[in-house]
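Trainee: What follows is a structure written as structure tokens; I'll ask about it next.
Only the coordinates and a few stated rules stand behind these numbers; no lab work does. Remember, predicted model here, so these are calculated numbers, not experimental data. Because the Cβ atoms are built from the backbone with ideal geometry, glycine has one as well, and the counts that use them run over all protein chains shown.
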Amino acid sequence: MAQPILQIRDFNVLFDTHDSEVHAVKNLSFDINESECVGIVGESGSGKSQLFLGALGLLTSNGRATGSVEYRGRELLNLSQNALNKVRGSKITMIFQDPLTSLTPHMTIGAQMMEALRTHQHVPYAEAQKRCLEILDLVRMSEARNRMGQYPHELSGGMRQRVMIAMATVCGPDLLIADEPTTALDVTVQAQILEIMRDLKKELKTAIVLISHDMGVIAGMADKVQVMRLGEVVESGSTEQVFYSPKHDYTKALLDAMPRIDRPIRAGHAILQPLSTIGAEKRLLDVEDLKVYFPIKTGGFLISKTKPLRAVDGVSFSLRQGETLGIVGESGCGKSTLARAVMKLIEKTDGAVVWAGRDLSDLHGPEVRALRNEFQIVFQDPLASLDPRMTIGESIAEPLVTLHPELSRAQVQDEVRAMMKRVGLEPGWINRYPHEFSGGQNQRVGIARAMIIKPKLIVCDEAVSALDVSIQSQIVDLILNLQSEFGMSMIFISHDLSIVRQVAHRVMVLYLGRIVELADRNSIYEDPRHPYTRALIAAVPVPDPKAERAKSHVTLASDLPSPLDSRAQLSFLKSKMINDPDAEQYRPKLIEVATGHYVAEHDPA
Amino acid sequence: MWPYAIRRVLGAIPTLLIIIALTFFMMHIAPGGPFDAQRHLPPEIEHNVRAAYNLDKPVWEQFWIYLERLAHGDLGPSYKNHDFTVTQLIAVGLPVSARLGLSAIILAIVLGITLGTVAALNQNRATDYGVMGLAMIGITIPTFVTAPVLALIFGIYGLHFFGYDFFLPAGGWNSGALANMILPVTVLALPQIAIISRLVRGSMVEVLRSNYVRTARAKGLPNHIVIFRHALRAALLPVVSYLGPAIAGLLTGSLIVETIFGIPGIGRYFVEGAINRDYTLVMGVVICYAAFVIVLNLLADILYALLDPRVRFA
Amino acid sequence: MSAPGVTQRNTETIERALDIEGRSLWTDARRRLVKNRAALTSIVLLSIIALVAVFAPFVWPYGYADIDYANIACAPSWWPGSDAPCYAGGYHIFGMDQNGRDLFVRVLYGARISLSVGVVATLVSLLIGVTYGAVAGFVGGRLDELMMRFVDVLYSLPFIFFVIILMVVFNQNFFLLFVAIGAVEWLTMARIVRGQTLSIKQKEFIEAARAAGVGPFANIRRHIIPNVLGPVVVYVTLTIPTVILSESFLSFLGLGIQEPLTSLGVLIAEGKDHMETAPWMLIFPAAFMALTLFCFNFIGDGLRDALDPKDR
């Protein structure tokens, strides 16, 4: 075989911190060959990002890299900035995770793309502009010419990541390093971006390093895989080898922890109790035509004008005792707003919420607070949802102390310790503070706080989304076990359709504040009717290379439209749309296509 | 942008009115008047003088008369400097104060940004510590200490360098000669240089750590382009927001500097006017300063929006 | 997470007795502050200054108004150079002023007044600012808009002019000085507290507390105030030197503290007038002032870094 593009030998990355030296990457050696895609997979703290930042001299000032990194036989480490800049950005380019913060906010897209080209290839302005437009077309950027004059904040997340990719490919690199390129994006947008990268690889023959925590993304893209853990490569090999016959325990554990949209029931994990075994038919919660609008300022000359943002726009559903309703949808679809309005954490605009036969609309102040005894919530960010100045014991005890003031201090302490043990925390940690714990442990604290008063309904708002896969699966198991023990109902909100399949009896798909499909989990995953549901499900990557490659990539043509545009909700029913952003539009009705399977009206495909 | 500017100017009118009213009533409610010192005036003459200046009328009426005159651009006569109107006094003093203040703020911005950037680029190295130490001194030592001390060193003792004596005038204006400007401008600019360099250093350190600077470096851009095109503009935003307070700080400083160095600017008029109960002069100076602050704040806000495309004029 | 069985029960009983002590953010902050040498030195120095300023005048052989006509404007005995007209003996370690008073004891009195003005006026601004800011931030909406608009208007007033007018008008009333300076400084405090309250209000743990049934007032007391405390403490340590500066500034212009009482500003103003013949009269008060302000600023910076552990 010819000489590899990049040869890494005995590579180390070290960081000096106040207390000690952190060894982020330990003695790594591997090659990257022409036009191959190497997947690097690992959880947070595995050093997978620092590896390439170190190789390209992009570490923060307290970090340093040792060993050898050769680009086509040329040593890159310890090169002067000027010499390094001949390769960096021209032959080897990078794409970063968060496209909003990774683009310079005060420069237009065009200026940022062209400066890379003109620095490395000294082409005249008009030529540079032409090349940029071509490459923007290649990443399927609509209205490319206009986009060149726009600023990053004027584009959507998916568009920004396209710009990043265009910027990284415009100089014709040999090697493209993509560091979690789709992690900050919605699943349908992720599918589009991956599709674009696949095409680039095919057309331009660029080698790609794909760094990701998501085994599904890696499965569909990579030829070779390296699994990293705590700075070391624990396993490497062809994608097939690693996925189908993993040798290292950690790889096995990772693959086992990945939720799979194609397999709701997995051996060795907690299982959702079927509704029939719970036997509860009692309806606990009825939500009727719930609406939550937020006024948004839209400018005006002397007096500012407002326009309603329809975060939740007429949603109805019911929930039985012991049942779990999964709510899925992309960012901005109103799923969190819906749950908070049900819990009376924010005011609804219209509609009714009936809890155990009682309309909650008229409740105020103390009555609402008494209601907290019945429902609780678990938040997305475990650290942000705990008061940093309170011990975890105080945090867990808070609902109990507030709602049951009659309990003695000792009783509260006993309850807290019992609950801590139940959720897998050492009771001896009761006087510790949140910043001393990991994300997974803090999320256990959050769950303990929600469970301590044994509520009848728990809302999990993206409760596992911020966690690493292995932790995520432990927390999901914990939640399922708690449900079989205490029998509470749940509303489980997530953007991750795979997890929802594992935990929810019924699934509701939201699109811009409205239900597009609602059915039990098997119907919705095996027989999706609405084009949006289909696109969502198709977009979820599966950690199975053969299945991923065989998949026909159905992607939505565009990003989510602005929710302020009244036409947006009729994206799938264009035949009834009035072409005026402010007009009152037709509302798609929900149609029951099979027992309990509701689908919103849509144009036939 | 224009609707925004118009709205802001309209919004400033009530503020200006409040300032005028507050100053006016505070001055008039106080015991004593502008002619108290001249005890030798016979009662009837004093009465006539008071009538001539409308001081015998109720305060409300006086206020109304003042506003009416103001609407016609008339700031009234000075009570103490009998031969001049307030407008004339300000017309003489304002150019002096403005020249002093603008020189100081320009010096402060240029030096502050340079020093702050240099410190940030050498973060946690000797240069950084040196610049930040100096900035700490600039912030802590007040104008009324630096002014006399510098005057003592340069004006009275003189400095002996390489066989040359450096003497600077320790006071006086001499119609704005460079030698007379150096000390007052330095004294006025020092604290602002210190504050601006600390601001720039802080925001620059943060920006240099940002993802988009990392992207710029990953694109293989030369260092000076990364710093000047990508980092500096964002790092300057806090400086622009600080300009409003900075101008206010300069005004306070100029009261001291004009008094110590004997510079005939409007700051000195104010202090003298306040002590002498020269109502109209004090009012005139306050209105003048307030208008300045309002306009400069508006300019700073517009500059901010021009630097940061994410800010819309709302 | 842990092995069941006998050992578990044993460790549990031991733990129950010991209850592993957690490290709170304040504990961590204290550790970081003590590690900061500049801040620690400043704390020690400032404590010495304060103690000396409060207690030394009781044991010092000279009073602040005692006049020694024989030694008018004499240099301290250790003063170098031959240009000093006369040298004061005894314990006049800072020399004498233009009226033949001991400068050292006058500097101590000046520091005492400056410090007390600093502390009292800061407390005034703290009280008004925290209440105002917390209410505006927590209630939000219309009220917040109204309250902050009022602050904006006050902000655009050239306050130092009003203070000057006020001092002129009411004949340098000492009490008024506190009020006037406090009235200026609370504006920034209110803004800071409001901003912090707003950002904390949006944190998930506040929502979590609401979901736990915690009422609005308990929420402010239990979650918001403790979390706002950090920035407030930092701002307080930075406000004290600002207030000392304002007071000295007014005194320097002859509008603050009156004879025979004195403050550092007055002493510096007198020193300025005699700097050609008696430079020690300018140098000692100015150095004392600078030292005090240095200490406060270093402590403020140190506290900020300690409470906001972003690696700087």
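Trainee: Is chain B best put as rounded, prolate or oblate by its Cα gyration tensor, with a ≥ b ≥ c the root eigenvalues, rounded for a/c under 1.5, and otherwise prolate when a/b is larger than b/c, oblate when not?
Mentor: It is oblate, given that a/c is not under 1.5 and a/b is not larger than b/c.
Trainee: Compute the normalised compactness of chain C: alpha-carbon radius of gyration over 2.2 N^0.38 Å, N being the residue count.
Mentor: 1.31
Trainee: Order of C:E259, A:E517 from fewest to most other C-beta atoms within 10 Å?
Mentor: Arranged by neighbour count, lowest to highest, C:E259, A:E517 become C:E259, A:E517.
Trainee: Determine the principal axes of the Cα atoms in segment A:463-605, then give the extent along each, sorted from largest to smallest and rounded to whole angstroms.
Mentor: Cα extents, longest axis first: 50, 38, 31 Å.
Trainee: For segment B:1-137, what is the Kirkwood hydrodynamic radius in Å, using each pair of distinct C-alpha atoms?
Mentor: Hydrodynamic radius (Kirkwood, Cα only) of segment B:1-137 equals 20.0 Å.
Trainee: Just how far, in whole angstrom, is segment C:224-264 from segment A:201-256 if you go by their alpha carbon centroids?
Mentor: Their Cα centres are 62 Å away from one another.
Trainee: Can you divide the C-alpha Rg of segment C:150-282 by 2.2 N^0.38 Å and report the result to two decimal places?
Mentor: This ratio for segment C:150-282 stands at 1.48.
Trainee: Which angle between 0 and 90 degrees, to the nearest 10, do you get for helix A:125-138 versus the longest principal axis of chain A when only C-alpha atoms count?
Mentor: Long axis of A:125-138 versus the principal axis of chain A: about 50 degrees.
Trainee: What do you get for GluC sites (Glu not before Pro) in segment A:1-95 restricted to DSSP loop and a cutoff of at most 14 other Cβ within 10 Å of the site's Cβ?
Mentor: Counting only loop positions with at most 14 other Cβ atoms within 10 Å, the GluC sites (Glu not before Pro) in segment A:1-95 are A:E34.
Trainee: While we're looking at this one, here's another question. Determine the sum of side-chain charges near C:N99: Lys and Arg each +1, Asp and Glu each -1, restricted to other residues whose C-beta is under 11 angstrom from that of C:N99.
Mentor: Every neighbour counted, the sum reads -4.
Trainee: Then there is this: Calculate one ³J(HN,Hα) per residue across segment A:45-56 by plugging θ = phi - 60° into the Karplus curve 6.51 cos²θ - 1.76 cosθ + 1.60, and present them in order as whole Hz with x for glycine and proline.
Mentor: x, 7, x, 5, 7, 4, 3, 7, 4, x, 5, 9
Trainee: A follow-up question, please. Ratio to report: Rg/Rh of segment A:13-114, with Cα atoms as the point set and Rh obtained by the Kirkwood method; give two decimals.
Mentor: Rg divided by Rh gives 0.97.
Trainee: Can you bin segment A:209-347 into rounded, prolate or oblate? Criterion: square roots of the alpha carbon gyration tensor eigenvalues sorted a ≥ b ≥ c, rounded for a/c under 1.5, prolate for a/b above b/c, oblate for the rest.
Mentor: oblate
Trainee: Oh, and also: How many angstrom lie between the C-alpha centres of segment C:109-168 and segment A:30-109?
Mentor: 51
Trainee: Give the Cα extents of segment C:108-153 along the principal axes, in whole Å, largest first.
Mentor: Principal extents (Cα only, largest first): 49, 20, 8 Å.
Trainee: Quick one: Debye curve from the alpha-carbon atoms of segment A:148-250 only, equal weights, vacuum; give me log10 I(q)/I(0) at q = 0.12 Å⁻¹ to two decimals.
Mentor: With one equal scatterer per Cα and no solvent, log10 I(q)/I(0) is -0.46.
Trainee: Is segment A:339-498 rounded, prolate or oblate when judged by the Cα gyration tensor, a ≥ b ≥ c being the square roots of its eigenvalues, rounded requiring a/c under 1.5 and prolate requiring a/b larger than b/c?
Mentor: oblate
Trainee: Over all directions, what mean area does the Cα convex hull of the protein assembly as shown project, stated in square nanometres?
Mentor: Orientation-averaged projected area of the Cα hull: 58.5 nm².
Trainee: Quick one: order C:F175, A:F375 by neighbouring beta-carbon count within 10 Å, fewest to most.
Mentor: Ranked by crowding around the Cβ, least crowded first: C:F175, A:F375.
Trainee: Near A:H364, within a Cβ-to-Cβ distance under 15 Å, what is the net charge of the other residues, with Lys and Arg +1 and Asp and Glu -1?
Mentor: Once positives and negatives cancel, what remains is +2.
Trainee: Kindly express, to the nearest 10 degrees and within the range 0 to 90, the angle between helix C:225-252's C-alpha long axis and the longest C-alpha principal axis of chain C.
Mentor: Rounded to the nearest ten degrees, it is 10.
Trainee: Give me the dipole magnitude in Debye, nearest 20, for chain A about the Cα centre, with unit charges on the beta carbon: positive for Lys and Arg, negative for Asp and Glu.
Mentor: Charge dipole of chain A: 480 debye, to the nearest 20.
Trainee: If amide H atoms are built 1.01 Å from N in the plane of the peptide, which residues on other chains or at least 5 residues away come under 5 Å of the amide H of A:M508?
Mentor: Here A:G326, A:I327, A:V328 satisfy the definition.
Trainee: Would you mind ranking A:R587, A:R162, C:R31, B:R268 by Cβ crowding within 10 Å, fewest neighbours first?
Mentor: C:R31, A:R587, B:R268, A:R162
Trainee: Skipping prolines and chain starts, which residues have an amide H placed within reach, meaning under 5 Å, of the one on B:L168, given they are 5 or more residues away or on another chain?
Mentor: Under 5 Å from the amide H of B:L168: B:G155.
Trainee: Also, I was wondering about something else. May I ask for the angle, rounded to the nearest 10°, between helix C:280-307 and the longest principal axis of chain C, with both axes built from Cα atoms and the value confined to 0 to 90°?
Mentor: Rounded to the nearest ten degrees, it is 0.
Trainee: Here's another thing I want to ask about it. Using θ = phi - 60° and the Karplus form 6.51 cos²θ - 1.76 cosθ + 1.60, what ³J(HN,Hα) does each residue of segment C:196-212 get, whole Hz, x for Gly and Pro?
Mentor: Computed from phi, the couplings for segment C:196-212 are 5, 4, 4, 6, 6, 4, 7, 5, 5, 6, 6, 5, 4, 5, 5, 5, 7 Hz.
Trainee: Rounded to the nearest 500, what is chain C's calculated 222 nm mean residue ellipticity when only DSSP H runs of at least 4 contribute -39500 (n - 2.57) each, over all residues?
Mentor: -23500 deg cm²/dmol
Trainee: Something else about it: Roughly how far apart, in whole Å, are the Cα centres of segment A:114-178 and segment B:59-102?
Mentor: About 59 Å separates the Cα centre of segment A:114-178 from the one of segment B:59-102.
Trainee: Enumerate the amide H contacts of A:M228 below 5 Å, restricted to partners 5 or more residues apart or on another chain; note that Pro and chain-start residues carry no placed amide H.
Mentor: Here the answer is A:V41, A:G42, A:V234, since their amide H atoms fall under 5 Å of that of A:M228.
Trainee: How large is ³J(HN,Hα), in whole Hz, for each residue of segment B:275-289 in order, when computed from phi with the Karplus curve 6.51 cos²θ - 1.76 cosθ + 1.60 and θ = phi - 60°, using x for Gly and Pro?
Mentor: With coefficients 6.51, -1.76 and 1.60, one gets 5, 8, 6, 7, 3, 5, 5, 4, 4, x, 5, 4, 4, 4, 4 Hz.
Trainee: Count the net charge of all other residues whose Cβ sits under 10 Å from the Cβ of A:E43, scoring Lys and Arg as +1 and Asp and Glu as -1.
Mentor: Value of the local net charge: +1.
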